[in-house]
1. Once the other residues with Cβ under 12 Å from the Cβ of B:Asn128 are scored (Lys, Arg +1; Asp, Glu -1), what is the net sum?
2. Over the C-alpha atoms of chain A, what are the Rg and the largest Cα-to-Cα span, Dmax, in Å?
3. Using unit Cβ charges (K, R positive; D, E negative) and no other charged atoms, how large, in debye to the nearest 20, is the dipole of segment B:68-208 about its Cα centre?
4. Provide the buried accessible surface between chains B and A in square angstrom, both chains summed, 1.4 Å probe, rounded to the nearest 100.
5. Cβ under 9 Å from B:Arg84's Cβ, B:Arg84 left aside: what net charge do those residues give with Lys, Arg +1 and Asp, Glu -1?
6. Could I have the simple spin-label model distance between B:Gln208 and A:Thr75, label points 7 Å from Cα toward Cβ, reported in nm to one decimal?
7. If Lys and Arg each add +1 and Asp and Glu each add -1, what is the summed charge of the other residues whose beta carbon sits under 14 Å from the beta carbon of B:Gln160?
8. Hey, for a label at A:Val30 modelled as a point 7 Å past Cα toward Cβ, could you say which residues of segment B:98-125 have their backbone N under 20 Å away?
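The values are calculated or read from the model by the stated rules, or taken from the named source; none is laboratory data. Everything quoted here is computed from the prediction, not taken from an experiment. So basically every Cβ, Gly included, is an ideal-geometry build from the backbone, and we count neighbours across all protein chains shown. The protein model used for the area step is the full one, side chains on, heavy atoms only, and it has no ligands, DNA or RNA in it. Shrake-Rupley method; radii C 1.70, N 1.55, O 1.52, S 1.80 Å.
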Number of protein chains: 2
Amino acid sequence: MTRETPSKTRKPKRGQTREALMAAALDLVVKKAPFSSLSLREVTKRAGVVPTAFYRHFSDMSALGLTLLDESFRTLRQMMRQVRQEQRPDENMLRGSVETYFNYVGENRAHFLFVAKELFGGTPTMRNAIRREIRMFTNELAMDMARFPFLNHFSSEDLQMMAALVVNNVTALTQEMLELEENDEFGQQQVLIAAEKQLRLIFLGVTQWKSSSPATS
Amino acid sequence: MTRETPSKTRKPKRGQTREALMAAALDLVVKKAPFSSLSLREVTKRAGVVPTAFYRHFSDMSALGLTLLDESFRTLRQMMRQVRQEQRPDENMLRGSVETYFNYVGENRAHFLFVAKELFGGTPTMRNAIRREIRMFTNELAMDMARFPFLNHFSSEDLQMMAALVVNNVTALTQEMLELEENDEFGQQQVLIAAEKQLRLIFLGVTQWKSSSPATS
DNA sequence: TTTTTTAGTGAACAGGTGTTGACAAAAAGG
DNA sequence: CCTTTTTGTCAACACCTGTTCACTAAAAAA
């Protein structure tokens, strides 16, 4: 027979602790420091558990980081698929894609901030994982471009170069967007307009491009 | 006339330790972690002094960081001046500028790595300082562009947008360059070639650009 | 039910952290 | 020379870090 002393320390936390840890880490990244400089105890404190509970779910902080990274890119890929489905090769394609993308950024600030801060500040493992993912996006964009009739005469190196140009800029603009306050709708609109203009200019250059240097081989 | 000023400004060789601290911090940033996650003791240890000696030169780590940032941008601005001086508006202008710039990046890896890692991972103070500097470069580039006859009919907004496009890409390519091993000369050459192509494509777009949206009046 | 596996707690450790204060050597100023 | 200011050292503090161990409540399996 267990003597029910009314209110001692409650323990029933059940299996949502893992998600609480991930949410806590993301939260701290948003309003404090890059993930790399978070401490295990800090995260567990914010998640409302004792430090040792951490080890029931992750082997160490870097494991948590990789899980978070995976989560970030899973949702991002899912959005890219959506952008691609909506994509019709007409006038408004560019504007639509840009809007969809930056809307998504706005709705997933935490994940994007996490990735942006790790892109250079993280461990080599993290950095490589992120860069691999970005390279993948670049490749897919290059392949998408190759399907357009007025682009498919370019060499794959040129297409790759053009795709990289686009991705570089979108990345930079995303970072710019993330530096803005969450409620700075005017600033966000400005970035969006700038993004559209810059991409339009790039595609203007693409239509004029002729591969003058055969390069390697 | 140029005699020793017998003034009260005493500055014999006061600086050995101070510079050792800065060098140590930079060194740790290169081969370990972002500056934000360095500890005071770590830096003093590498500099070969006792922790308390630190306070004779800097009030805290963030003061060291800002000094380092200042140093980085002072040398960078100096190089930009050099690029601008060499700049003649002819065919080889772009290639020459790109080469000069990336050469400089290679010779100052430590400073660029420091800046790159703080650009997103640093404290708000640091981030703002860096972004202000980048914005300054963008403005100067826009002003340089305005001096070209075939560009001076663009609105200053358009010029600003184009300059931002260039700066965004150079920044991204610089980061790409920094991710390479210091002795990976092939990879570095590849980045340089890509950089030149991308910038050429951008300027191709610029020549075709016409400001369709008058935007804000 | 009983048994086993999972997921939480709390105390304790060895070590790293920023910062303090008192003190000493060395350089600068007279 | 002597005095003052600068610049380093050493010891100590209170705190935070990751990680271990033994223990227990709750959930799952039997």
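1. Around B:Asn128, the charge tally is +1.
2. 22.1, 87
3. Dipole of segment B:68-208, to the nearest 20 debye: 500 debye.
4. Approximately 3400 Å², summed over both chains.
5. Result for the neighbourhood of B:Arg84: -2.
6. In this crude spin-label approximation the distance works out to 3.7 nm.
7. Neighbour charge sum, excluding B:Gln160 itself: -3.
8. The answer is B:120-124.
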